[in-house]
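A short write-up of the structure that comes next.
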Amino acid sequence: GSLLQPESLLDAAAKRVAGSWAFERVEGRFQRIPEPVQRRIVYWSFPRSERQICMYSSFQPGRAAAASPASAA
């Protein structure tokens with residue numbers, strides 16, 4: 001059978017930070033955050049489920065065409 005890889009310490013920590021703090025607060029509180037750590041925090045800051053994405057997104061079906069510059073001309 002296949003063995004599952006355990007979650008890396010970087011991912012576990014980044015996921016915990018992203019679930020608790022807004023990235024802006026992390027940036028403002030800590031002086032130097034290594035680039036790989038920043039990328040993982042940002043990655044885990046985005047919602048995972050389609051329901052969450054729709055809830056936090058400003059996208060609404062039918063409004064994209066109305067807001068496009070081509071339709072305003």
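Could you tally the net charge around R40, taking each other residue with its Cβ under 13 Å from the Cβ of R40, Lys/Arg +1 and Asp/Glu -1?
With Lys, Arg at +1 and Asp, Glu at -1, the net is 0.
Through the Karplus equation 6.51 cos²θ - 1.76 cosθ + 1.60, θ set to phi - 60°, convert the phi angles of the stretch 3-11 into ³J(HN,Hα) values in whole Hz; use x for Gly and Pro.
Rounded to whole hertz, the list is 8, 7, 7, x, 5, 5, 4, 4, 5.
For the ranges 24-30, 40-46, what's the packing order if you count other beta-carbon atoms within 10 Å of each residue, average per peptide, and put the highest first?
40-46, 24-30
Read-outs: derived from the displayed coordinates by stated rules, not from any lab. What you are looking at is a predicted structure, and each value in this text was computed from that prediction instead of being measured. Cβ coordinates were reconstructed from backbone atoms using ideal geometry, including for glycine residues, and neighbour counts include every protein chain displayed.
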